[in-house]
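Derivation of every value follows stated rules applied to the coordinates shown; laboratory data play no part. None of the values given here were measured: they were computed from a predicted structure. Every residue, glycine among them, receives a Cβ derived from its backbone with ideal geometry; neighbour counts consider all protein chains shown.
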Amino acid sequence: MPIPCQIAGCKSTAPAALEGQKLCVLHYTLSLETSCSEMRRETALGNAPHERQREIMRFITESGEKLARVATSGMPLTDDLKARILSTFLTLMNLRENLDRANMRSSPGRSGAFR
Ligand SMILES: [Zn+2]
């Protein structure tokens with residue numbers, strides 16, 4: 001049985017890679033965009049605790065993997081959804097870059113701390 005998307009009013013189902021999230025591809029990318037912009041705000045000043053930064057790094061990696069799995073699973077995706085997936089990848093990459101930059105600013109000489 002396919003798992004329906006948990007967003008009210010959405011008639012799509014969750015692909016296998018997103019069954020844990022109970023989200024269709026569209027709503028998964030939207031929720032990622034929202035999370036990323038929150039995390040971006042949170043880390044912009046470079047004073048998020050290290051533990052939280054590590055958590056965000058993990059989030060970026062796991063989300064990227066999940067998204068890649070959906071994108072390459074062979075499920076039919078409209079051009080619009082493909083474009084959305086790519087732009088969500090870009091958002092994840094930019095957040096990661098921002099995190100590194102904020103981290104460098106806040107602790108000079110320790111830029112390699114989060115490898
Ligand atoms: Zn949905």
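Over all alpha-carbon pairs in the range 1-104, figure out the percentage whose distance exceeds 17 Å.
Working: 2822 of 5356 pairs.
Value for the range 1-104: 53 percent of Cα pairs lie more than 17 Å apart.
Which listed residue (Met104, Asn94, Leu45) has the Cα farthest towards the positive end of the charge dipole for the chain, taking +1 on Lys and Arg C-beta and -1 on Asp and Glu C-beta about the Cα centre?
Of the candidates, Met104 comes out farthest on the positive side.
Within the chain, which cysteines find no other Cys whose Cβ is under 4.7 angstrom from their own?
Isolated Cys, the chain: Cys36.
Out of residues 5 or more away from Thr13 or on other chains, whose amide H comes under 5 Å of its own, with H placed 1.01 Å from N in the peptide plane?
Cys5
Just to check I understand the Karplus step: with θ = phi - 60° and J = 6.51 cos²θ - 1.76 cosθ + 1.60, what whole-Hz values come out for the range 14-23, glycine and proline as x?
Whole-Hz 3J(HN,Hα) from phi for the range 14-23: 7, x, 3, 5, 10, 4, x, 7, 6, 10.
Which residue, Thr29, Thr88, Thr78, has the most motion in a Gaussian network model of the chain that connects Cα atoms within less than 10 Å?
Thr78
Suppose every K and R has +1 on its Cβ and every D and E has -1 on its Cβ; what is the size of the dipole of the chain about the Cα centre, in Debye to the nearest 20? The partial results should precede the final answer.
On the way: 16 positive and 12 negative charges, 51 e Å.
Result for the chain is approximately 240 debye, rounded to the nearest 20.
Ordered by residue, what ³J(HN,Hα) values in Hz, to whole numbers, does the range 3-10 give under the Karplus form 6.51 cos²θ - 1.76 cosθ + 1.60, where θ = phi - 60° and Gly and Pro are x?
Those phi angles translate into 8, x, 4, 7, 6, 4, x, 7 Hz.
Which distance in Å, rounded to a whole number, links the C-alpha centroids of the range 8-33 and the range 60-107?
15
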